[in-house]
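Structure first, then comments.
The values are calculated or read from the model by the stated rules, or taken from the named source; none is laboratory data. Just so we're clear, the structure is a prediction, and the values are computed from it rather than from any experiment. Cβ: placed from backbone, ideal geometry, glycine included. Neighbour counts: every protein chain shown.
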Amino acid sequence: MDSIRITGGKRLEGKIPISGAKNSALTLLPCALLTDEKLTLANLPRLADVDSFGHLLNGLGVSTSVAGVKKGEVGRKMTLQASEIASTVAPYDMVRKMRASILVLGPMLARAGESTVSLPGGCAIGDRPIDLHLKALECMGAEIEIAAGYVKATAPKGRLPGGDFSFPVVSVGATENALMAAVLTTGRTQLFNAAREPEIVDLCNLLVAMGAKIEGIGSSHLIIDGVEGLHGCEYEVMPDRIEAGSYACAAGITGGSIELVGVRPHEMLATTNALAAAGLAIEFTDGGMKVTAHQPLRPLAISTAPYPGFATDMQAQIMAMLLVAEGQSFLEETIFENRYMHVPELRRMGADIEVHGRSAIVKGGNPLTGAQVMATDLRASMSLILAGLAAEGETEVLRVYHLDRGYERLEEKLSAVGATIERVSAG
């Protein structure tokens, strides 16, 4: 099993190109199930999760082809076509690899009138039930049956009639599934308290480009009028705001200066506001955004929240950066109940962190030393990489397959701005 070795203490400076967003790509890919025409996605990141989702779609009858990347071109371009749905069953051996697989449920139900999907797997960062996905589909007319570890959804008359659903709590995945199911209904669907993440906006924009009728894009009240069918199109995946935030933290923890090329700053205001509050200088450029540490970092008090609040996917990275701040920081995790699994590993490097339920107190300023640490999930992995960049001596991060799920060419990008980092194969 591969590991990543880092010799810390280097100030990072330079430019890092930001890849297409993983969380958006995994939402856009299943849209191929909604039409028999070709869907081409540009700026698609080369990630393990994207490849796994492609294999899942192949099993359902979607053909996929990847164009060669031209010199200077960012990301891959994949063309998908579901001329017909070969199978309406997403099996356990595919779905267990990542939680996002549940996102084939809505579009497959909308197109084929039925869909059977294994209960999903993914990162072990807490309980993430799919009940809201199912309740939303039921309100749109679906009949739901759960048996032997599978969810079977059926449209009794072949197509869903549509309906209204109010999410009791904000759910990104459930909003995405409901949107994809709603676009091919015979009537109108209204989603209240819908998620507003930029990735939801990206999904809506793609669906509209395919011929869907959606009002209220970017708001918590989405109105979808079903259409008879959708057509193919070419669409570019949005840049990854979580990857950008992670590399911004790399500038902060190393006292460096990094320009994040291609990022859209307006989509990550909660992150940039937190970085600025910590003392980092934020400069918007023609190519994106530059983050510079001119002074010692200040401690922060942050609580994660649905968009436009501070993203739970940035909590582990900001915690790592705050290890070098002068003073005591307070973090509260409100989204997932088990998202501090990186804390014991950071402690192995000298971090002083106390966890009390969903709250964490980070006492910054203690020197970090390199150690052998183990990644537990995707964002936790990045927090260990960040700590390794600032630590004295060598850090080895094990189980980096988590990183490969969400960070494209990580070692290459960090090396380009001055990090001493390499991937070591287990042989």
Any pair with Cβ under 8 angstrom, 6 or more apart, that starts in segment 88-104 at a residue that is under 15 Å from Asp131 (Cα atoms) and ends at one that is among the basic types (Lys, Arg) and in a loop (DSSP other than H, G, I, E, B): Arg99/Arg128
Unmet requirement for Pro129, which otherwise passes all of (1) closer than 21 Å to Gly229 by Cα; (2) assigned to a loop (DSSP other than H, G, I, E, B): (1)
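For every residue, the table says whether it meets (1) buried (at least 20 other Cβ atoms within 10 Å of the Cβ); (2) of a type outside the set (Val, Ile, Thr).
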| position | (1), (2) |
| --- | --- |
| Gly218 | no, yes |
| Leu222 | yes, yes |
| Val227 | no, no |
| Cys233 | no, yes |
| Pro239 | yes, yes |
| Gly252 | yes, yes |
| Val261 | no, no |
| Ala278 | yes, yes |
Segment 369-380, residues that are surrounded by fewer than 24 Cβ atoms within 10 Å (Cβ to Cβ) and without any contact (Cβ under 8 Å) to a residue 40 or more places away in the chain: Thr369, Ala371, Gln372, Met374
Every residue from segment 150-182 that is in a loop (DSSP other than H, G, I, E, B), free of Cβ contacts under 8 Å to residues at least 60 places away in the same chain and out of contact with any helix residue (DSSP H, G or I) (no Cβ under 8 Å at 6 or more places or on another chain): Pro156, Lys157, Gly158, Pro161
Segment 1-57 - residue that is outside any strand (DSSP E or B) and β-branched (Val, Ile, Thr) and, of those, surrounded by the most Cβ atoms within 10 Å (Cβ to Cβ): Ile18
Yes/no for Thr185 being closer than 20 Å to Asn205 by Cβ, at pLDDT 95 or above, in contact with a Lys or Arg (Cβ under 8 Å, 6 or more places away or on another chain) and not in a helix (DSSP H, G or I): yes
Yes/no for Ile421 being out of contact with any helix residue (DSSP H, G or I) (no Cβ under 9 Å at 6 or more places or on another chain), of a type in the set (A, V, I, L, M, F, W, C) and in contact (Cβ under 8 Å) with a residue 24 or more places away in the chain: no
Residue that is farthest from Arg347 (Cα to Cα) [pool: residues in segment 289-332 that are in contact with a strand residue (DSSP E or B) (Cβ under 6 Å, 6 or more places away or on another chain) and polar (S, T, N, Q)]: Thr292
Qualifying positions in segment 84-122 - over 17 Å from the mean Cα position of the chain (by Cα), part of a helix (DSSP H, G or I) and at pLDDT 95 or above: Leu105, Gly106, Pro107, Met108, Leu109, Ala110, Arg111, Ala112
Which listed residue is more than 21 Å from Gly406 (Cβ to Cβ) and aliphatic (A, V, I, L, M), from Leu260, Leu269: Leu269
Unmet criterion (only one of (1) among the hydrophobic types (A, V, I, L, M, F, W, C); (2) in contact with a Gly (Cβ under 7 Å, 6 or more places away or on another chain); (3) surrounded by fewer than 24 Cβ atoms within 10 Å (Cβ to Cβ); (4) free of Cβ contacts under 8 Å to residues at least 60 places away in the same chain) for Ala67: (2)
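The rows are residues; the columns are (1) assigned to a loop (DSSP other than H, G, I, E, B); (2) over 18 Å from the mean Cα position of the chain (by Cα); (3) at pLDDT 95 or above; (4) surrounded by fewer than 17 Cβ atoms within 10 Å (Cβ to Cβ).
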position	(1), (2), (3), (4)
Met314	no, no, yes, no
Phe330	no, yes, yes, yes
Thr334	yes, no, no, yes
Pro344	no, yes, yes, yes
Pro367	yes, yes, yes, yes
Met382	no, no, yes, no
Leu386	no, yes, yes, no
Glu422	no, yes, yes, yes
Some residue of segment 182-198 being within 19 Å of Leu44 (Cα to Cα) and more than 18 Å from the chain's Cα centre (by Cα): no
Flag for Ser415 being of a type outside the set (A, V, I, L, M, F, W, C), without any contact (Cβ under 8 Å) to a residue 12 or more places away in the chain and out of contact with any helix residue (DSSP H, G or I) (no Cβ under 6 Å at 6 or more places or on another chain): yes
